[in-house]
Each structure stands twice: as C-alpha cells, then as structure tokens.
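These notes concern the structure reproduced below.
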Amino acid sequence: MGYRVRKHLLSAVLVAAVFTMSACGTNSSGASTASPSGTSAAGGSAAVALQGSIAFNDDKLAELRDKIKAALAGKDLSKVDNAIVVNVVSAYWDAAKTGAEKGASELGVKSTFQEPPTEDVTLQLSMINTLVSQGVTGFSVSAIQPAAMGGAVAAAAARGVGILPIDGPMQQYQSAAPVYLGTPNYAAGQQAGSVMARMLPNGGDVALLTGSLTATNATQRIAGFKDAIKDTKIKVFQVYNDNGDAGVALQNASAAMQADPNLKAFYTVWSYDGPSAGQAVQSAGQAGKVQILADDSEPKTLQMLKSGVIQAMVLQQPYQQGYMAEYILTATKVLGQAATMALLKPYLESDGYTLSSGIGVVTAANLDAYDAKLASFGLASS
C-alpha cells in the first residue's frame, strides 16, 4: 500500500547485502540496479541471483532526524498531538506502529495509531474527521482513495492541522500536504519489473495481484512494473484486484492459474498478496514452477522465501514511515511548515515532494543479512 509488517530505532549504519554477481549500483532511494543471473528449477530458466541492497534510505533519514531533533531542542512540545491513520489492518503496519511509538517516545509527544479493519474509504475518512475534531495537531495517512480525501484535507488545513501522506502520495493536495513520506512507488515497480525479467529470461505470462486499482501507490507500482518489462518477452496476463481482502487474493491467484495454464509467475503488489499467491501455487502443486515476486515481507512471505515458494521480495521500509512521521508532524506543529520544509528540502527526491523511505531487494541469498537488520529494530518482518 503499501500494506504489510514488524520493530526499533535505526541508527546510522546499515548492512548492504552482496550476492554473487556483477557490479551493482543503487539509486537515491537505495534500490539495486544490478542484473541477476543463474539457473532455476523452473524449467531451466534463469533464477533470481541478485546483488541487492537492504540499506534503504536509512542513513539519510537518521541524519534528517538528528537535524529535526536539534531544531526542536528547548522547544515546548507539550501541545503536540499526532495521529497516524493507515489503510487496513495488516502485519505490514506493525512496523510503522512500532516506529511511531519509538519516535513519539523519543520526542515525548502524544500519538495515536489507527487502522480500519477493512479497506473502507468511508470509515477511514470518519477516523480522520473524528481525530481532527478531537484536536490532533497533525496526522499522517495512507489514503485508501486519495481522490476522496479532499474534504478531510480542506477541513484539517482550515484548522491548521499538519498533514503528511505516507505509503502512497497525495500530490493533488500538495499545498496543504507538501511532502510525501514513503516509497517512490514507480521506482519500486520498475525494480520489480527488472527482477521479474531475470526470473523469466525467456519470457512468459505473469499475473498481478493487488489490493486496489485506484490507490496511487498501487497504480504507480503497476505502471513501473509494466514499463520495466515492455521490451522483454514477459506479458501481463491480467491484473486482479482483491480490495484489501487476502481471501479474495487467494481466490484470484487460483483463478489465474486455472485461466492460464501457461502462467509462469505472479507479481504481488500488496503485502498479503504474496502469501496468498504462495498458498495458491502450493495447493496447485506448482511451487517453484510458478514463481512469485512479492512486494513487502510479512512473516508468511519470509517463510515462503525460505522454503522456495516465493523467489524474491521488493521491500519498503514502513518502520521509517511511522518513525519519521512523528518527527515531521512534530516539527510542523512546533517550527511551522516553512521551517520544516527547509529542513526536509535537501533530503527530498528530484520531484521536490518525496521523502523516500527507500527500496530493498531480498532473495534467499541475502535473507540472513535482512533478518539481522530486522532483529536490530526488534522486528519479525518489514
């Protein structure tokens, strides 16, 4: 959604994983640009053997955090009352909640974390409107449907409430919400397409599973994926929408294999979609034959990666989306929007809008390094 995850403070040093391949660069968000190679159990096609990175954007965010902390030193934070509203209950968001709790604790500010039990736009808007009426000074939100946020954004802005989109951008409201904290989603989709091209060097049909066809993060990732494979022999068979329901995602994955006997792989866009696809290929006796590239790493996704059911993960950093949200919202309330943006500006992507939480790529080859990183945050998955 992003949707996905699980815990601790990140300091300045992070591990970069090295597999066994040719030289690899990373973009400003920490995404690998390497070309993988190898051989696969799936009909002799090349397998994922990536040289990747799990550095995300953590070093730069730690530097930014320290600058915000210095700017807040000696200021009265007693009136700060932050809130984080995500898009659905999911393991993915456990890490963001942990990050938010850590950031709020460090700053000594009040913070509330809310997540609707289902992907319900009306309920999410009700949560936001209630929080604003109760006097929160700022909120971050992973909008289920950005186009529906206009009224809530206007009402919050009129009361001087800070607004920070996370996980998915809301650029149409940039005057009221001038920065987006999260994954550069188009770049993440491109990264996934690059990985899929190495998974299927001879091409083949791929089905996409997603929890939304309207959420900006989903549409941008899908667009990036399609652009990355357009000069390959890979064909997107169909994009299946499950509306945030893991059970529907399982049904969609099974339906895709039945509808296309030549299906070679799944690209799963939201966190629970990976395990749903994994369950479907296992039930069909196609594990390892129908490959899976999953966005995010819920605990079941990690288990399936270890067992070979899932071949690779393209990862976000939801911990940072919760953790840095506390610092940004607090700075917006105490220092003002202009002063906060001045602090953020050197760390934004080239669009002047995105504060990247980074992109990572994990396969079985660097899974141990990734597990160690998560453990350093107190997390089981991310």
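The values are calculated or read from the model by the stated rules, or taken from the named source; none is laboratory data. This one's a predicted model, so the numbers in the text were calculated from it and none came from an experiment. Every residue, glycine as well, gets a Cβ built from its backbone with ideal geometry; the counts of neighbours run over all protein chains shown. In case anyone asks, the SASA skips ligands and DNA or RNA and just uses the protein heavy atoms, side chains included. Shrake-Rupley method; radii C 1.70, N 1.55, O 1.52, S 1.80 Å.
The table below lists the values:
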read-out: Qualifying position, being outside any helix (DSSP H, G or I) and either farther than 25 Å from GLN337 by Cα or of a type outside the set (Gly, Ala, Ser) (or both), among SER175, SER212, SER194, SER140; value: SER212
read-out: Residues that are open to solvent by less than 10 Å² (accessible area, probe 1.4 Å) and among the aliphatic types (A, V, I, L, M), drawn from the stretch 201-222; value: VAL206, ALA207, LEU208, LEU209, ALA215, ALA218
read-out: Every pair of residues 6+ apart whose Cβ atoms lie under 9 Å, when the first sits in the stretch 215-243 and is assigned to a helix (DSSP H, G or I) while the second is at pLDDT 95 or above and of a type in the set (Asp, Glu); value: ARG221/ASP295
read-out: Qualifying residue in the stretch 343-359 (condition: at pLDDT 95 or above, aliphatic (A, V, I, L, M) and open to solvent by 30 Å² or more (accessible area, probe 1.4 Å)); value: yes
read-out: Test set (1) farther than 18 Å from ALA294 by Cβ; (2) open to solvent by 30 Å² or more (accessible area, probe 1.4 Å); (3) touching a Gly at 6+ places or on another chain (Cβ under 9 Å); (4) not hydroxyl-bearing (Ser, Thr, Tyr) - ALA157 fails condition number; value: (3)
read-out: Within the stretch 226-245, considering residues that are touching a strand residue (DSSP E or B) at 6+ places or on another chain (Cβ under 9 Å) and of a type outside the set (A, V, I, L, M), the one least open to solvent (accessible area, probe 1.4 Å); value: ASP242
read-out: Residue match in the stretch 113-131 (condition: part of a helix (DSSP H, G or I), touching a Gly at 6+ places or on another chain (Cβ under 9 Å) and either within 20 Å of GLY322 (Cβ to Cβ) or modelled with pLDDT of 95 or more (or both)); value: yes
read-out: Any hit, the stretch 94-103, residues being touching an Asp or Glu at 6+ places or on another chain (Cβ under 7 Å), surrounded by 15 or more Cβ atoms within 10 Å (Cβ to Cβ) and not in a helix (DSSP H, G or I); value: no
read-out: Residue match in the stretch 287-295 (condition: farther than 23 Å from LEU200 by Cβ and surrounded by 17 or more Cβ atoms within 10 Å (Cβ to Cβ)); value: no
read-out: Selected residue (criterion: most open to solvent (accessible area, probe 1.4 Å)) from residues of the stretch 117-149 that are farther than 23 Å from ASP94 by Cβ and hydrophobic (A, V, I, L, M, F, W, C); value: ALA147
read-out: Lone unmet requirement of (1) buried (at least 20 other Cβ atoms within 10 Å of the Cβ); (2) within 24 Å of LEU61 (Cβ to Cβ) for ALA152; value: (2)
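Let's see how each residue does on (1) within 14 Å of the chain's Cα centre (by Cα); (2) aromatic (Phe, Trp, Tyr):
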| position | (1), (2) |
| --- | --- |
| TYR267 | no, yes |
| TYR272 | yes, yes |
| ALA287 | no, no |
| GLN291 | no, no |
| VAL309 | no, no |
| ALA312 | no, no |
| THR332 | no, no |
| TYR347 | no, yes |
